[in-house]
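The values are calculated or read from the model by the stated rules, or taken from the named source; none is laboratory data. Predicted, not measured: the structure shown is a model, and the values here were computed from it. Here the Cβ is made from the backbone with ideal geometry for all residues, glycine too, and neighbour counts use every protein chain on show.
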Amino acid sequence: MPTKIKNSPLRTLKRTKDFDLVNRKGKSFQGYFVRLIVLQQKNSTNEKPVQTQKLGITISKKIHKHAVLRNKFRRRIKELFRTTLRTHFKNYSVHIIARPGSEKATSAELLADITKLLNKFNPLNQE
């Protein structure tokens, strides 16, 4: 029986204060389907990067009226982050904001859009 590789649990941005901090101080990149805002997490005592990553996803009712479809979008983004994007964002808080038309995009289109944004912002070169 194959063994499953366990990843650490996905941490999320939960409080309004956390979202506001990322939105104010983070670097923003605009794609066709999503807007990506990234902020490196620092330890408050010694300004060293923290070894965690947090993900926040926002999709408003303007994008889609039905909660089922908004939640489906959130699940797809979380799965993309969990499987492919997680290695790019060590020590970063990431806020992904859906743009109009993103609810109709396939997972492959979302991944391609976020990959283009990663080429603009490459955290691996900055560390």
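Starting from the range 74-90, keep only residues that are among the acidic types (D, E), then list their pairs with residues that are surrounded by fewer than 18 Cβ atoms within 10 Å (Cβ to Cβ) whose Cβ atoms are within a distance under 9 Å, requiring at least 6 positions of separation or different chains.
Note: pairs meeting the criteria are E79/S107.
Looking only at the range 36-53, decide whether some residue is in a helix (DSSP H, G or I) and of a type outside the set (A, V, I, L, M, F, W, C).
Going through the range 36-53, the residues in a helix (DSSP H, G or I) turn out to be none.
Checking the range 36-53: not a single residue is in a helix (DSSP H, G or I) and of a type outside the set (A, V, I, L, M, F, W, C).
Which one of the conditions (1) out of contact with any helix residue (DSSP H, G or I) (no Cβ under 7 Å at 6 or more places or on another chain); (2) modelled with pLDDT of 75 or more; (3) not in a helix (DSSP H, G or I) does T115 fail to meet, given that it meets all the rest?
(3)
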